[in-house]
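Asks: Here it is, the structure, as structure tokens.
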């Protein structure tokens, strides 16, 4: 008797999400075969979900209070920049705690977890981009909320 399998779509749990953990991992190129020193991924799904939640929380108090959620955030790329910033800050803190340098004889010093500065710099870039884009989005939303504003230009002010 033949056995037939049905593919499982793990993305069903993310239906309606503006940004999924897989999309974050794709952008960050965080795959086991790309992380030869880690032998796995750098950021787990729970790490990425936590980053999304904290980024939403930060985004909701930036520029003006909002109530964005993972399903109604106005722009996926903007959210991605905030999530990446959070993840890189978090990993930078871990690297700072565990930084160690080794040198053996005439070999150049080899660092273990010595990328904290690079992580911090990249996190800062992503955060700046996140804040700038989110602020622009919220300004535009504010302008749109006023509807059509009339202008006196083009209206006849002459008495006939």
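Asks: Tell me whether the range 44-63 contains one or more residues that are at pLDDT below 90, surrounded by 13 or more Cβ atoms within 10 Å (Cβ to Cβ) and farther than 28 Å from residue 140 by Cα.
Replies: no
Asks: Of everything in the range 13-28 that's surrounded by 10 or more Cβ atoms within 10 Å (Cβ to Cβ) and in a loop (DSSP other than H, G, I, E, B), which residue is nearest to the chain's Cα centre (by Cα)?
Replies: 19
Asks: Going residue by residue through the range 29-37, is there one that turns out to be surrounded by fewer than 15 Cβ atoms within 10 Å (Cβ to Cβ), closer than 30 Å to residue 145 by Cβ, within 16 Å of the chain's Cα centre (by Cα) and modelled with pLDDT of 90 or more?
Replies: No, there is no match, as no residue in the range 29-37 is surrounded by fewer than 15 Cβ atoms within 10 Å (Cβ to Cβ), closer than 30 Å to residue 145 by Cβ, within 16 Å of the chain's Cα centre (by Cα) and modelled with pLDDT of 90 or more.
The values are calculated or read from the model by the stated rules, or taken from the named source; none is laboratory data. Note that the structure is a prediction, hence the values are computed from the model and not measured. Note: ideal-geometry Cβ built from the backbone for every residue, glycine included; neighbour counts use all protein chains shown.
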